[in-house]
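Take a look at the structure below.
The values are calculated or read from the model by the stated rules, or taken from the named source; none is laboratory data. Note that the structure is a prediction, hence the values are computed from the model and not measured. All Cβ positions, even for glycine, are placed from backbone atoms using ideal geometry, and neighbour counts span all protein chains on display. Just the protein is used for accessible areas: all its heavy atoms, side chains included, with ligands, DNA and RNA removed. Shrake-Rupley method; radii C 1.70, N 1.55, O 1.52, S 1.80 Å.
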Amino acid sequence: MNGNGNGAGGGGGGGGGPGGLPKLREILRRQKPDSDDEETPDIEFDYADADYLQAEIAEFYSYTENPEFPQVHKAFEECMDGFGFGRDSSWREMDAAEKTRAVQRMLDQTEVSSRSDRLKATRAILYVAQGCWLECQSDAECLAGARENVLLLYKNGVFGTFVELLNLEME
């Protein structure tokens, strides 16, 4: 046997010699118990490689949502203006009752027949869920705002409405 576990001579290489086949069987036997499904190979994945929340969010948005940031902010401004709050109204300066009223108005807009109006309202809600990032001075402030806003959205039934909207769009 040579140094790499293949038979010396006569086997044509590639583990075809008398010493190579047992070595190949041993390797396969060691791998087989790890996999319940012989057709699907095991994939080693390290779940502990997650970064802190701010970095994960920044990475996600850098790949997917970056071009849409101005679009969701514009939709938010247009909705707020249309609801009588004013185009330049600040979400952070609104009290809880005004925020709830604005969310309810946005939800109402998601149920109109005009697809463009529905999309504008959903984009405005997305801006709120993102923490109204244009009004933030720091990442921490934006994350805290996003957490607060998502709770408000959930309490007002936005999740259920969005599930229904997704089902509608799929049909």
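Output the residues belonging to segment 83-98 that are in a helix (DSSP H, G or I), touching a helix residue (DSSP H, G or I) at 6+ places or on another chain (Cβ under 7 Å) and surrounded by fewer than 19 Cβ atoms within 10 Å (Cβ to Cβ).
Initial filter on segment 83-98 (in a helix (DSSP H, G or I)): 91-93, 96-98.
Pick out the ones that are also touching a helix residue (DSSP H, G or I) at 6+ places or on another chain (Cβ under 7 Å) and you get 91-92.
If the condition is that a residue be in a helix (DSSP H, G or I), touching a helix residue (DSSP H, G or I) at 6+ places or on another chain (Cβ under 7 Å) and surrounded by fewer than 19 Cβ atoms within 10 Å (Cβ to Cβ), then R92 is the only one that fits.
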Any hit, segment 17-40, residues being over 18 Å from L153 (Cα atoms), at pLDDT 80 or above and not in a helix (DSSP H, G or I): no
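In segment 85-114, which residues are in contact with a Lys or Arg (Cβ under 8 Å, 6 or more places away or on another chain) and under 18 Å from E148 (Cβ atoms)?
Of segment 85-114, the ones in contact with a Lys or Arg (Cβ under 8 Å, 6 or more places away or on another chain) are 91, 109-112.
Passing the criteria: only W91.
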Hits in segment 92-123 - residues which are at pLDDT 95 or above and β-branched (V, I, T): T100, V103
Qualifying residue in segment 128-136 (condition: crowded, with 18+ Cβ neighbours inside 10 Å, closer than 18 Å to Q109 by Cα and not small (G, A, S)): yes
Tabulated pairs, segment 133-149, first in a helix (DSSP H, G or I), second open to solvent by 30 Å² or more (accessible area, probe 1.4 Å) and of a type in the set (D, E, K, R), C-beta under 6 angstrom, 6+ apart or interchain: E135/R92
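Going by what's in this entry, would A121 be described as farther than 13 Å from H73 by Cα and open to solvent by less than 60 Å² (accessible area, probe 1.4 Å)?
Numbers: farther than 13 Å from H73 by Cα: no; open to solvent by less than 60 Å² (accessible area, probe 1.4 Å): yes.
It is false that A121 is farther than 13 Å from H73 by Cα and open to solvent by less than 60 Å² (accessible area, probe 1.4 Å).
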